[in-house]
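These notes are about the structure you will find just below.
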Amino acid sequence: MFDPDYDLFVQIVEAGSISAAARQRGVSVASLSKRLVRLEQRLGTRLVHRTTRRMAPTSAGQDLLGALLPLRAALR
């Protein structure tokens, strides 16, 4: 089973923003933002640079994304 928080992280990066991912999932931006913060705390690193206008994966986020994409594809 693929960790739901990892799936969320991948979706946020693919969507380009937390708000776009929230719209795709039909949930609030706040709930996704809290889950992303929880994942970052669990991993002990910042995964995404967030500003009011932009969002981009950090180097740790890019590394994690590179590891998760093939794993997620294999599990599907």
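How far apart, in nm, are two points set 7 Å out from the Cα along the Cα-to-Cβ line at residue 60 and at residue 11?
2.3
Using the heavy atoms of the protein chains alone and a 1.4 angstrom probe, what is the accessible area of the chain per residue in square angstrom?
63
What's the carbon and sulfur percent of the range 4-75's accessible surface, probe 1.4 angstrom, rounded to a whole number?
54
At 0.36 nm per residue, minus the direct Cα-Cα distance, what do residue 69 and residue 46 gain on full extension? Give it in nm, one decimal, please.
Roughly 6.4 nm would be gained on extension.
Could you report the accessible area of residue 13 in Å², rounded to 10, computed with a 1.4 Å probe on the protein chains as they sit in the structure?
Looks like 30 Å² after rounding.
What 222 nm value per residue comes from the helices of the chain, counting each DSSP H run with n ≥ 4 as -39,500 (n - 2.57) and dividing by all residues, nearest 500 deg cm²/dmol?
-21500 deg cm²/dmol
Determine the principal axes of the Cα atoms in the chain, then give the extent along each, sorted from largest to smallest and rounded to whole angstroms.
33, 26, 20
Hey, if we sort 45, 58, 52 by accessible area with the 1.4 Å probe, largest down, what's the order?
52, 45, 58
The values are calculated or read from the model by the stated rules, or taken from the named source; none is laboratory data. Just so it is clear, the model here is predicted, and its values are computed rather than measured. For neighbour counting, all protein chains shown are included, and Cβ atoms are generated from backbone atoms with ideal geometry for every residue, glycine included. Only protein heavy atoms, including side chains, enter the accessible area calculation; ligands, DNA and RNA are left aside. Shrake-Rupley method; radii C 1.70, N 1.55, O 1.52, S 1.80 Å.
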